[in-house]
Every structure is written in structure tokens, then in C-alpha cells.
Amino acid sequence: MSSQAAIAVLSRDEIQLAIRSLTSAQWARLKAVAKRFAFGRPIDPNDLLQEAFLRAIDSRQCPADVDVVMFLVGIMRSVVSGEAEKARNRPTVVMSAVVDEQGEPVDYPDPSPSVEEDLIDKENAMLIRRSVLALFDDDPDARVIVEGDMDGWSADELRTYTGLDKTAYDSKRKLIRRRLNKTYPEGWKP
Amino acid sequence: MSANNNPEREALDRLADSLIDDILNASDEEILEEFREDGGDPEQHAAEMLALFEKSVMTANKRRLAEAAAAAAVDRAAAVSRPPTPPIDIDEARRRLRAVRANPNAPEKLTLAARNESELSDADIISLMEDIFELGATPPDDSLGTP
């Protein structure tokens, strides 16, 4: 028997029961995560959650030792990642100079992502990045932390760079989260 | 959440990952406090989310029902297009089973199965003959109407 086969997974009924038993704090946490995943993307946090529920009860296996909140967060991550991948690879019909037997032009799908869509996404992302950073112009430490997050710095690196102790650093991160929530309660709006 | 060839999007994805880690590591009290700060009522929100979940369950159930109905329709269509099974001559089937029992070259398992032929019902005989044909122990005989 493989090690994978030995992993106990929750049944569909058990997953449903676990989700129905979530506390209000867990629901609020899930919504906060959904908002962060959806931020700057053409997806509504509630739609993202609903898709995660559907996959959770229909097609995903939840190991018995995995917290159901983490399970749903993992599905949301996969949905967002899959949607981004799909958008990048979406074939578009392009006109060609080729004609069929009747002399009509033949259209064929372009396997490369739409250059126009790519450009729009890049411009949009650039605009969001600038706007988010500008939110912390009045707080150099917070701005460094946000910029560091964007550049993939670790918490240790950021603490060393800013000279903040753990408490001050954690408090700064909370400030960043709250300011983003307040400024964009419904997600990113240009 | 990587985005090929779009460093700005990748930067936003990394920020989102860090903020999500913060949310997952925050205490329940902090999460509820922030939720209230943003003007939300956690209890009402929980009820709304539960309703959204139940809607998803109903959608999933309907989808499974539709899939089952489609599969059943395919089965029914296949059954209608299948030619009717010719009737099986039970006397001939019993005779052939006795012949299997009498065959000294037949495997022991087959002769054992055929030994109690007189005690077997017609349905048992037909089922047994079908098994024997499947094993290739004796060729199907058109006169029996067997497979």
C-alpha cells in the first residue's frame, strides 16, 4: 500500500459538517482571505468562496488532519491561480489570409495569449502597485514592509532592514492590513 | 499565483500571499475586531456565508443528479438499441452441463460446479453456462441462444 493510500480523508458529509460548524471568526477569516485573493483581479470574493465550496464538496479530498479553513484557503488559491493561467492561455480567433475551397477567409485560434489582454493586465497591475505603495507615503517603515513583501523579502530581512522589534513589526503589519481594508473595502477600484 | 512575464502582477501576488499569511496567523479576536471595524456584523456575516454554502450544496446536488440522469439516459438508449436476447433452451443447457461434467479433460472446478445439475434451478443453470462460456471451457452454441 502506498503512503498516499494510507492518508485518511474526510467524506463529503464530514466536509459539509465541518463547514457548517465554522465559527463567525472563521467565516470572517475566510472572507478576509477571499478579499485578498480577489484584490486586483476580476473576481468577486463571494464567487471565489462559492467556487471553493463547490470544489470542496464535489471534487477535492480533504485529509482528516487538515483544518477545513486551510483546506478552503488552498482551494481558493488554486482557483485564482487556475483562472490566471486560463486567462494567459485563452486562445483567440485571429483572421488569416488563408482561404477555404469556396474562397472564404479561414479564421483559426491563436495559441498565444492576447497581446492586448496581456498589456492591460500589466498596466492594471502597475497601477495597483503604485496606488498601494502611495497609501504608505506617510509611513516609511510600512512602505518598506509593503515594498519588501512585493519583492519577496522575508520577515527577518524586513525586521533587520527597518530595525523594528517583533512587536513593532507585527503592529506595523496590522496597520498595513487595516489601511488596505479601509481604503479598498470592496477590493481594488481604479 | 505566479504570473509569467508580468513582474508587477507577481509583486502583487507576493504581497497578497504575505497578507494572507498575516490573516491566517491572526487571533480570532483580531479578526473579529477588524471585521467590526470595517462595519461588518460577524454573526450576520456567518449566517450569510452559511446560506451561500447551502446554495453551493444544492448546486452540487443538482449537478450530480443531472449527471446521474444523463448516465441513466445513455444506459436506456443502449438497452433499446441492443438486439433482444434469444430465448435459451434450458433442456439443451442442462444437457451441455452434463456433458461438461462427463468430460474427463474438463478442469476440476467445472466438473464440481456441474455435479449438482439436478438440484440447480433453471436460472442457476443459465448463469453457470454463461460463466463456463466466458471461461472458454465450451464454445457457445447458437442453438442455446447463449452469448
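What follows draws every value from the coordinates through simple rules; no lab data is involved. Please read all numbers here as calculations on a predicted model, not as lab measurements. With ideal geometry, Cβ positions are generated from the backbone for all residues, glycine too; neighbour counts draw on all protein chains shown.
May I ask for the distance between the Cα centers of the range A:1-75 and the range A:131-190, given as a whole number of Å? That distance is 27 Å. Computing FRET efficiency as 1/(1 + (r/R0)^6) for B:Glu92 and B:Ala66, where r is the C-beta to C-beta distance and R0 is 41 Å, gives about 0.35. Annotation: peptides A:123-130, A:145-152, B:116-123, A:63-70, ranked by per-residue average of other Cβ atoms within 10 Å with the highest first, follow the order A:145-152, A:123-130, A:63-70, B:116-123. Output the relative contact order of the range A:133-176, whole-number percent, from Cα pairs under 8 angstrom with separation of 6+ residues. After rounding, I find 37 percent. The label-point distance for B:Met58 and A:Ile120, in a model that sets each label 7 Å from Cα toward Cβ, rounds to 3.4 nm.
The fraction of Cα-Cα pairs per 5 angstrom bin, counted from 0 for the range A:3-89, comes to 3, 14, 25, 24, 17, 10, 6, 2, 0 percent, rounded to whole percents. Taking label points 7 Å from Cα along the Cα-to-Cβ direction, A:Ser59 and A:Thr183 give a separation of 3.6 nm. Can you work out the FRET efficiency for the pair A:Asp170 and B:Leu50, with r the C-beta to C-beta distance and R0 = 35 Å, to the nearest 0.05? The formula returns an efficiency of 0.65 here. Once the Kirkwood radius over Cα pairs is known for the range A:115-183, the Stokes-Einstein relation at 20 °C and 1.002 mPa s delivers a diffusion coefficient of 165 µm²/s.
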